[in-house]
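J.: For reference, the structure I am asking about is given below.
Nothing in this text is a laboratory measurement; each read-out follows from the coordinates by a stated rule. This structure is a prediction, so every number in the text was calculated from the model and none was measured. Note: ideal-geometry Cβ built from the backbone for every residue, glycine included; neighbour counts use all protein chains shown.
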Amino acid sequence: MFLNISEDKIISLLKIFSGLLIIVIFAQISLGSAVRLTGSGLSCPDWPLCYGLWFPDQEKLSNISDVNYEFYQIMLEWIHRFNAAIFIAPLTLIVFIMGFKLHNSDINKKTLYAILIFLGLQGLMGGFTVFDRNSPWSVAVHLGLALILLLLVIRVFMQSLNLNFDISFPNIRLKLSTLIISIIFIMFTMLMGAIVSKSGSSLACDIWPLCSNDGLSIFQHNKFIHIIHRVLAIVSAVCIYFVFKSYKDSRQYKIILILRIILVTVIALQILIGATVIFTELNMYIAMFHQSLAVILFMMLSFLFWFTLQINYKSKY
């Protein structure tokens, strides 16, 4: 594969395929949130098949006596698996092979190996969540592996772009440190959000920004889980503020100016949507939007981190 293709052509194709892979991983994580919020995680009780079927159509399902889910729930889970098997796995392998075909490029080979490893772990964890009956911790680990995979693919995509901006960042260590901390906290906030959803704690705190006025202790199990998620969200917002502030000395560059504005807009919208989830008593579409926005925020921070790292590397070498 790609034996007689020039390196320039491979780089062009790598941009396309790694970009597509980012999109389908984003779609996969968003589908995963829809599966969680609709309680569809066990609608296909076996793995990798679904009720022993490659495609669970209504006619075949009607002949199975122990189907306890709506057809739309089964299809949500099946589409989630289909996207992973038909799009994510092949695209990842193509990106891996293309990256290794390049000898005179910035593509990091260790990152390619890591992508392949995390793809395998992600597939195994997807199966394990079914056998583990969708426990909150296994669902959170499954999401965490997907986010790490996304972070790594974004690095390959950024390296394939081979950006040559005439930019010099002051205080670059501070910027990178702030971004790393922000990415970690955003990730843990999302993982805690998955635990909140799977543990039935989404409305344990039924008012906002406080938790509840029902007189029960905030250390009651579900309330405590929900509060941890909110505390992590507050810390994440503070981290975003410091990212915004750390790039203040670079706002003369248009790309940084735009990214700073988008970051603040997305985090403000995310907080507003998070509150709306409570006010609407877990409206499904608003909750899905809330989780998709979190992924977008994670992606933006990842892009900014790898971009800053590349600028730093090129300024040195």
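J.: Along the positive direction of the dipole of the chain (beta-carbon charges: Lys, Arg +1; Asp, Glu -1; about the Cα centre), which of I107, L149, I184 reaches farthest?
T.: Ranked along the dipole, the leading option is I107.
J.: Same structure, new question: Assuming a strict under-12 Å limit between Cα atoms, what lysine pair count do you get for the chain once near-sequence pairs (fewer than 8 apart, same chain) are dropped?
T.: Eligible lysine pairs with Cα atoms under 12 Å apart amount to 4.
J.: Hey, if you put +1 on the Cβ of every Lys and Arg and -1 on every Asp and Glu Cβ in segment 186-317, which of I258, V277, A204 ends up farthest toward the positive end of that dipole?
T.: Going by the charge dipole, the pick is I258.
J.: Next question, about the same structure. Could you give the size of the charge dipole of segment 164-317 about its Cα centre, using +1 on the Cβ of each K and R and -1 on the Cβ of each D and E, expressed in debye and rounded to the nearest 20? Provide the component values of the computation, followed by the final result.
T.: On the way: 12 positive and 5 negative charges, 143 e Å.
Roughly 680 debye, rounded to the nearest 20.
J.: As a check on your grasp of the helix formula, calculate [θ] at 222 nm for the chain: sum -39500 (n - 2.57) over DSSP H runs of n ≥ 4, divide by the residue count, round to the nearest 500. Provide the component values of the computation, followed by the final result.
T.: On the way: 10 runs with 221 residues, N = 317.
Helices in the chain give a 222 nm mean residue ellipticity of -24500 deg cm²/dmol.
J.: With +1 on each Lys and Arg Cβ and -1 on each Asp and Glu Cβ, how big is the dipole of the chain about its Cα centre, in debye rounded to the nearest 20?
T.: Details: 22 positive and 15 negative charges, 285 e Å.
Dipole size: approximately 1380 debye.
J.: Looking only at Cβ-Cβ distances, which cysteines of the chain have no other cysteine closer than 4.7 Å?
T.: For the chain, the answer is C239, because their Cβ atoms have no other cysteine Cβ under 4.7 Å.
J.: Out of K101, K60, K175, any idea which swings most in a Gaussian network model of the chain, alpha carbons joined below 10 Å?
T.: Judging by the Gaussian network model, the answer is K60.
J.: Give the separation of the Cα centroids, segment 14-90 to segment 242-274, in Å.
T.: Value for the Cα centre distance between the two parts: 35 Å.
J.: Please compute the contact order of the chain in relative form: average sequence separation of alpha-carbon pairs under 8 Å and at least six residues apart, divided by the residue count, as a percent.
T.: Values: 338 pairs, mean separation 68.3, N = 317.
About 22 percent, as a whole number.
J.: Turning to a different aspect of this structure: How far apart, in nm, are two points set 7 Å out from the Cα along the Cα-to-Cβ line at L163 and at N68?
T.: Each label point lies 7 Å from its Cα, and together they span 5.0 nm.
J.: Which of I25, I184, I225 moves the most in a Gaussian network model of the chain with Cα springs under 10 Å?
T.: I184
J.: If r is the Cβ-Cβ distance from I261 to E281 and R0 is 35 Å, what FRET efficiency results, to the nearest 0.05?
T.: 0.60
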